[in-house]
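Chemist: Take this structure, written in structure tokens, and hold onto it; I'll ask about it next.
The values are calculated or read from the model by the stated rules, or taken from the named source; none is laboratory data. All of these numbers come straight from a predicted model, not from anything done at the bench. Cβ placement follows ideal geometry from the backbone for every residue including glycine, while neighbour counts extend to all protein chains displayed. Heavy atoms of the whole protein, side chains included, go into the accessibility calculation; ligands, DNA and RNA do not. Shrake-Rupley method; radii C 1.70, N 1.55, O 1.52, S 1.80 Å.
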Amino acid sequence: MQTSGMRVLGNGAIVAHLDGAQLTWCVGPEFTMPTALSARYGLRDGGPLTSSSTRAPGTMEWYSSLADGPHPLGTVHDTVAPSSPCYLADVDLTEPLELRLDFPHADRVVPTRTADGVSVLVRVDRFGPVFVYPTGAEAFAGVHLSGSAPIELRHDGGSVTLMLAPGSYTWQVRLGRRLSEVLAPLPGSARSAGACATEHYRRTVNGALPDGERLDALLRAHGVESPLPGAQLIEASAYLITAQQSADGAFIAGPEFPLAYLRDSYGVSRALLDLGLTERAAALARFRVAKWQRFGDLANAESIGHDRIRHRHENDGAEAPGYAMLQALEALADDAVDGLGDMLDWCWRAQLASLRDGAVPFNGDETYVAGGFLDRSFLRYGSFESTLVMIRSGERYAEFLAPRDALRAAAVRAVVERTASGFAERFAGPAGWLTAARVAETVEERHGVCEACHDYPTWLVRNTGGRFVCVRCLDADLPPAAWREIGVPTAQLLPALLPGPPVPDQTLVDAAHVAAGVLLDPSARSNGHDVGMCLMALPDDDPHVPLLLRQAVGRFDRDAGWPERFRGDQPDGSRRRPWETALNLLALRTLADRHERTRT
């Protein structure tokens, strides 16, 4: 198990990412925003200090120690106020320190002295960047600090440094859409707020979680040692996931991508349902339904807390709408789904419009393309995963339609059967499944990433060599698009999450054996969820399972879950990820249930 010190605090109205005691990223109540600030404790001479943090399972309260090498400097107890966009910290110092507040996206920073300390009011620039988009609206932050000792204040442009003497302090960050919402601190301390936040967490999350006995039995049976008991691994994962769910139901993909992605949402939804957090899964589905009701379509990713950003990529009609269908049909009650016929129909028609020669192309933000495992020229070809998603979502849609519109159900079923019957012809290669299938090129323009200069996002046109380029690269010297057969082993494991024809069980196991060989290579580059997909594909008694279980548990970060990617065993890419954490936890619990059935 890894312990990076990276952690999360969140309550639906605010989400904060921290490294030990240091606050690195903080947004709310709108989650698709640039960070309001970062806050770092340091030595008075400007030097760094070290910090480590712990959270008791089942709580929303963290305790951090501050030190200069072996020399202790103080402690920090922090939390978030229940249902309010407010981070709170109680600080007890035995040595003088500084607290540096940086506001990288502010166009106004106004520090003032108050009767009992210091307040800093901040306006976040409405043109500040969110991923690759402008924010589109101003926001406000108020930092309020009071203490038992005098506070020296230094203001330098976009930063404020507070010089703290030994003593006790309480400080908080309030976030809001309006200035009036951040002018004054909330009453109380981190201790009082933490007790309330913990009570709410235990009532809405922790109390619903399954025990870890089956997971413990699975690990014991395979000789895998885990520093955390199964119940704590489950709770730590559930905590990380739910801390990053917004009041309107969505989950951020990470601070680099503070948007709600369709594919990620489906994986998180499956884990929430498995954990018994059905209302949270339903809220996540309702978030997507609300976007469709407002716009009449779905983007690859949507902004959270507002509608100002809609993240569109190449081939948005592929893969993502199928995940939206599956999520709605699985997470919403029948009476709620009954009113979603138009949205489900749109999602189905979007996939039909993408279908070419029996295959659905890659989505432009798909894992293996966006992650660099395949180059962007593959977006013109059929995708193993996108096509399977269309088959599964079509099956579920036909079941939904059968008692409501038998003729429409039959038409959908006919497309599903035709696509499934040609699946093997399209994707079977000489040495196993292919990740891509050659299909006719019919698209002359698309919105996404230029294949020459990688400008993004922008409108592109197809050049004479079949490559998609932006306005400044129309005459770029690029080699023409050329088909080649390729099989990315871990890309063929989606049937583990979406099982059934046209991929036979043994074929999936064979693919998992090939993928396991890649994942167990200590130098391999892999996605953070690949080990989970591989485990879901294998029977409990498979000889690869002990090694993969050891890898899954060994790569789990106690406070940050599983990351976006790995290089060998080293985390790579975005951290504290709901999608990868959800899928790997789902895999461990699925295999644990499988093991229990074989025992009984």
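Chemist: Here are Leu277, Leu218: which of them is modelled with pLDDT of 95 or more, touching a His at 6+ places or on another chain (Cβ under 8 Å) and either more than 21 Å from Ala137 (Cβ to Cβ) or hydrophobic (A, V, I, L, M, F, W, C) (or both)?
Modeler: Testing whether each residue is modelled with pLDDT of 95 or more, touching a His at 6+ places or on another chain (Cβ under 8 Å) and either more than 21 Å from Ala137 (Cβ to Cβ) or hydrophobic (A, V, I, L, M, F, W, C) (or both) leaves just Leu218.
Chemist: Within segment 409-464, how many residues turn out to be open to solvent by 40 Å² or more (accessible area, probe 1.4 Å), under 17 Å from Pro504 (Cβ atoms) and assigned to a loop (DSSP other than H, G, I, E, B)?
Modeler: 1
Chemist: Let me ask another. In segment 465-489, what residues are open to solvent by less than 70 Å² (accessible area, probe 1.4 Å), at pLDDT below 90 and touching a strand residue (DSSP E or B) at 6+ places or on another chain (Cβ under 7 Å)?
Modeler: Of everything in segment 465-489, those that are open to solvent by less than 70 Å² (accessible area, probe 1.4 Å), at pLDDT below 90 and touching a strand residue (DSSP E or B) at 6+ places or on another chain (Cβ under 7 Å) turn out to be Ile486, Gly487.
Chemist: Just checking, which of Arg113, Arg100, Arg44 is touching a residue at least 40 places away in the same chain (Cβ under 8 Å), within 30 Å of Pro129 (Cβ to Cβ) and of a type in the set (Lys, Arg)?
Modeler: Arg100
Chemist: Check whether at least one residue in segment 218-240 is surrounded by fewer than 23 Cβ atoms within 10 Å (Cβ to Cβ), within 15 Å of the chain's Cα centre (by Cα) and free of Cβ contacts under 8 Å to residues at least 60 places away in the same chain, and report yes or no.
Modeler: no
Chemist: Name the single residue that is most open to solvent (accessible area, probe 1.4 Å) among those in segment 359-384 being over 24 Å from Glu445 (Cβ atoms) and assigned to a helix (DSSP H, G or I).
Modeler: Thr367
Chemist: Also, I was wondering about something else. For segment 106-145, enumerate the residues that are surrounded by fewer than 18 Cβ atoms within 10 Å (Cβ to Cβ) and either of a type in the set (Ser, Thr, Tyr) or touching a Cys at 6+ places or on another chain (Cβ under 9 Å) (or both).
Modeler: If the condition is that a residue be surrounded by fewer than 18 Cβ atoms within 10 Å (Cβ to Cβ) and either of a type in the set (Ser, Thr, Tyr) or touching a Cys at 6+ places or on another chain (Cβ under 9 Å) (or both), then Thr112, Thr114, Tyr133 are the ones that fit.
Chemist: Just to be sure before I move on: is Ile234 in a loop (DSSP other than H, G, I, E, B) and closer than 30 Å to Pro57 by Cβ in the structure I sent?
Modeler: no
Chemist: With respect to the numbered conditions (1) assigned to a strand (DSSP E or B); (2) on the phi > 0 side of the Ramachandran plot, which one is the sole condition not fulfilled by Pro571?
Modeler: For Pro571, the exception is condition (2).
Chemist: Would you please list the contacts, defined by Cβ atoms under 9 Å and residues six or more apart or on different chains, that run from a residue in segment 579-598 that is touching a residue at least 40 places away in the same chain (Cβ under 8 Å) and open to solvent by less than 30 Å² (accessible area, probe 1.4 Å) to a residue that is in a helix (DSSP H, G or I) and of a type in the set (Lys, Arg)?
Modeler: Trp579/Arg263; Ala582/Arg270; Leu583/Arg270; Asn584/Arg555; Leu586/Arg270; Ala592/Arg214; His595/Arg214
Chemist: So which helices (runs of 4 or more DSSP H) stay within segment 252-344 end to end and still have 3 or more residues that are open to solvent by 40 Å² or more (accessible area, probe 1.4 Å)?
Modeler: Result: 262-275, 278-295, 334-337.
Chemist: Has segment 523-539 got at least one residue that is open to solvent by 60 Å² or more (accessible area, probe 1.4 Å) and either assigned by the TED database to the domain that holds Ala428 or not acidic (Asp, Glu) (or both)?
Modeler: The answer is yes, given that some residue of segment 523-539 is open to solvent by 60 Å² or more (accessible area, probe 1.4 Å) and either assigned by the TED database to the domain that holds Ala428 or not acidic (Asp, Glu) (or both).
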